[in-house]
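Each remark here refers to the structure printed beneath this line.
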Amino acid sequence: MAEQLESHPGIGVGLRRGPLTYRRRIEIVPGAGSVDAAMEDYIHHFRVRLAHDGTRITAAEAVGVRVPWSTCPVGAAGLAALAGTSLDDAVLADRWVDDRRTQCVHTVDLAALAAAHALDAQPLVYEVHIELASFVERRARLTRDGVELLDWELHGQEVVGDGPYAGMALDRRPFSQWLETRVPADEREPVVVLRRACSIGLGRLMDLDAIEVASDARPADESCHTYRTGVPELSRRCTGTARETEVDPPGTPIPGGPLAR
């Protein structure tokens, strides 16, 4: 049974002490003229659809099946800005997201993955499992289509141990530098997917329903719509939306999957 803690520096009340497990699953299903994708974890369940003509996105939509905060759907709706963007540019958010504060970071991530695989012949599945011994000590594993690609031991925001990623920091700027200088371009995608999960996975240790508004978890940091200045104080917790996805056996599909065709 996880032990309750009253607080943690920089994090809202209601943290638990591990061990706990965080699971994130991403499903991408390309088709004729569109690509659908879904992401589910303890906190979220999003679906994305990109319509395209083979070269350029003609329409983009996102659905928040489960969202943590009342303002998340507004950020998710920002994905419509992808219309008119080339598939190549959509893969890199910096090429089309002019203002992170108009977006939901999770739908942006999901849309970028969907764009990268829009022309694939087969569906693709990423699955992440993170063993949270504590807020600091974690072990993170990633599989793609059932094959394990990455296995990281983490201490805080750094990969430790003897593997090829030992010493890599997860903080945005040093991570980006490491990615660009030390990881071949064709190997970067799973690294980016696992890095995001390692950050969001810490939310598995939070008693989210003990938080009334988003600002009680952390102050505005301009990282997304919900956390733009003036919004987190008004963004209410969507209670009862957390789902313990780690109880599902590995390989269990996301309920409902991507958007129905």
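The values are calculated or read from the model by the stated rules, or taken from the named source; none is laboratory data. What you see is a predicted model; the values in this text were computed from it and never measured. Positions of Cβ are backbone-derived with ideal geometry, glycine not excepted, and every protein chain shown enters the neighbour counts.
Quick one: is residue 180 out of contact with any Pro (no Cβ under 7 Å at 6 or more places or on another chain), within 27 Å of residue 48 (Cβ to Cβ), exposed (fewer than 12 other Cβ atoms within 10 Å of the Cβ) and among the charged types (D, E, K, R)? Steps first, please.
On the way: out of contact with any Pro (no Cβ under 7 Å at 6 or more places or on another chain): yes; within 27 Å of residue 48 (Cβ to Cβ): yes; exposed (fewer than 12 other Cβ atoms within 10 Å of the Cβ): yes; among the charged types (D, E, K, R): yes.
Taking the combined requirement at face value, the residue satisfies it.
Could you tell me whether any residue of region 164-172 is touching a residue at least 24 places away in the same chain (Cβ under 8 Å) and in contact with a Gly (Cβ under 8 Å, 6 or more places away or on another chain)?
Checked region 164-172: no residue is touching a residue at least 24 places away in the same chain (Cβ under 8 Å) and in contact with a Gly (Cβ under 8 Å, 6 or more places away or on another chain).
Filter region 140-183 down to residues that are in a strand (DSSP E or B) and in contact with a Cys (Cβ under 8 Å, 6 or more places away or on another chain) and give me whichever is nearest to residue 252 (Cα to Cα).
Within region 140-183, the first condition is being in a strand (DSSP E or B), and the residues that meet it are 140-144, 147-155, 158-160, 169.
Adding the requirement that they be in contact with a Cys (Cβ under 8 Å, 6 or more places away or on another chain) leaves 140, 152, 154.
On the way: 140: 18, 152: 22, 154: 26 Å.
Within region 140-183, the match that is nearest to residue 252 (Cα to Cα) is 140.
Only one residue in 124, 194, 142 is crowded, with 20+ Cβ neighbours inside 10 Å and out of contact with any helix residue (DSSP H, G or I) (no Cβ under 6 Å at 6 or more places or on another chain). Which one?
Values: 124 fails: crowded, with 20+ Cβ neighbours inside 10 Å; 142 fails: out of contact with any helix residue (DSSP H, G or I) (no Cβ under 6 Å at 6 or more places or on another chain).
Selected residue: 194, the only one of 124, 194, 142 that is crowded, with 20+ Cβ neighbours inside 10 Å and out of contact with any helix residue (DSSP H, G or I) (no Cβ under 6 Å at 6 or more places or on another chain).
Identify all residues within region 57-111 that are among the polar types (S, T, N, Q) and crowded, with 19+ Cβ neighbours inside 10 Å; write none if there are none. Give the steps one after another, and end with the answer.
Taking region 57-111 and keeping what is among the polar types (S, T, N, Q), we get 58, 70-71, 85-86, 102-103, 107.
Scanning region 57-111 gives 71, 85, 103, 107.
Restricting to region 233-249, and then to whatever is without any contact (Cβ under 8 Å) to a residue 60 or more places away in the chain and not polar (S, T, N, Q), can you tell me which residue is nearest to residue 44 (Cα to Cα)? Lay out the reasoning, then the answer.
Here is the first cut: in region 233-249, the residues without any contact (Cβ under 8 Å) to a residue 60 or more places away in the chain are 233, 239-240, 247, 249.
So of that shortlist, the ones also not polar (S, T, N, Q) come out as 233, 240, 247, 249.
Working: 233: 20, 240: 12, 247: 15, 249: 18 Å.
My answer is 240.
Just the residues that are outside any loop (DSSP other than H, G, I, E, B), touching a Ser or Thr at 6+ places or on another chain (Cβ under 8 Å) and among the hydrophobic types (A, V, I, L, M, F, W, C), please, taken from region 58-73.
Those that are outside any loop (DSSP other than H, G, I, E, B), touching a Ser or Thr at 6+ places or on another chain (Cβ under 8 Å) and among the hydrophobic types (A, V, I, L, M, F, W, C): 62, 69, 72.
Kindly provide the set of residues from region 26-44 that are over 12 Å from the mean Cα position of the chain (by Cα), of a type outside the set (A, V, I, L, M) and in a strand (DSSP E or B), ordered by number. Break it down into steps so the answer makes sense when it comes.
The first filter runs over region 26-44 and keeps only residues over 12 Å from the mean Cα position of the chain (by Cα), leaving 27-37.
From what is left, the residues that are of a type outside the set (A, V, I, L, M) are 27, 30-31, 33-34, 36.
Answer for region 26-44, where residues must be over 12 Å from the mean Cα position of the chain (by Cα), of a type outside the set (A, V, I, L, M) and in a strand (DSSP E or B): 27, 30, 31, 34, 36.
In region 44-56, which residue that is aliphatic (A, V, I, L, M) and under 19 Å from residue 125 (Cα atoms) is surrounded by the fewest Cβ atoms within 10 Å (Cβ to Cβ)? Reasoning before the result, please.
Here is the first cut: in region 44-56, the residues aliphatic (A, V, I, L, M) are 48, 50-51.
This time we only want the ones that are under 19 Å from residue 125 (Cα atoms), so: 48, 50.
Numbers: 48: 29, 50: 27.
Of everything passing the filter in region 44-56, 50 is surrounded by the fewest Cβ atoms within 10 Å (Cβ to Cβ).
Considering each of 210, 185, 217 in turn, give the residue that is modelled with pLDDT under 95 and closer than 24 Å to residue 127 by Cα. Working first, answer last.
Numbers: 210 fails: closer than 24 Å to residue 127 by Cα; 217 fails: closer than 24 Å to residue 127 by Cα.
On inspection, the qualifying residue turns out to be 185.
Just checking, how many residues over region 195-210 are of a type in the set (Gly, Ala, Ser) and over 20 Å from residue 167 (Cβ atoms)?
Our first condition is that a residue be of a type in the set (Gly, Ala, Ser); within region 195-210, this holds for 197, 199, 201, 203, 210.
Next, from what is left, pick out any that are over 20 Å from residue 167 (Cβ atoms): 201, 203, 210.
Number satisfying all stated conditions: 3.
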